[in-house]
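Worksheet for the structure shown next.
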Amino acid sequence: MSTLVLTVVGEDRPGLVQALADAVAAHGGNWERSRLTELAGLFSGIVLVEAPDERSEELRAALHELEGVLHVGVHRAPGRGAVSGGQVVVLDLLGNDRPGIVKEVSGVFGRHAVSIDELTTDTREAPMTGGVLFEAHLVAPLSDATDLDALRADLEQLASEMMVDITLDAS
């Protein structure tokens, strides 16, 4: 089996998911995981598909035929990798929106050699103040070498500097 990661972008309209799913199914593919959303009028996302090795090139060609309706990038995944059974941290951030928040938060994780598995962000109107709030939800596995206390201290320092609320849970 081939593991393929599909990146998709197209003008948002009904039927895009169906067109993508039809192409995957018609070539023996199995739609395993996805994150799909509308952003600024564009339908965009990422899809993990397993396809029989002998049909993966046919699937790639069928996905290319969707061009004009949906741009699909097809990337062969290097493999599943080892599933971490170790500690995982979950960060939730809320504060006034400003440029550089993701850069600064991801910089802390990078300095601690922690890879981010999932990052979801959004903005919304702040109730009563009329400003814009920035929200982030981040999930990251920790290696045995990660100093959780040092990571937590650096994130708390950053929260203080940026004047945002950060909640960090480790399990």
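The values are calculated or read from the model by the stated rules, or taken from the named source; none is laboratory data. Just so it is clear, the structure is predicted and the values come from calculations on it, not from any experiment. All Cβ positions, even for glycine, are placed from backbone atoms using ideal geometry, and neighbour counts span all protein chains on display.
The table below lists the values:
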| item | result |
| --- | --- |
| Condition met for E50 (part of a strand (DSSP E or B) and either more than 30 Å from R124 (Cα to Cα) or modelled with pLDDT of 95 or more (or both)) | yes |
| Flag for T167 being in contact with an Asp or Glu (Cβ under 8 Å, 6 or more places away or on another chain) and in a strand (DSSP E or B) | yes |
| Hits in the range 1-31 - residues which are over 16 Å from L63 (Cβ atoms) and either under 14 Å from the mean Cα position of the chain (by Cα) or outside any loop (DSSP other than H, G, I, E, B) (or both) | E11 |
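Residues are listed down the side, and each one gets a yes or a no for (1) in the same structural domain as P14 (by TED's automatic domain parsing); (2) assigned to a strand (DSSP E or B); (3) under 24 Å from L36 (Cα atoms):
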position: L59; (1), (2), (3): yes, no, yes
position: G68; (1), (2), (3): yes, no, yes
position: D92; (1), (2), (3): no, yes, yes
position: K103; (1), (2), (3): no, no, yes
position: S106; (1), (2), (3): no, no, yes
position: F109; (1), (2), (3): no, no, no
position: M128; (1), (2), (3): no, no, no
position: H137; (1), (2), (3): no, yes, yes
position: T146; (1), (2), (3): no, no, no
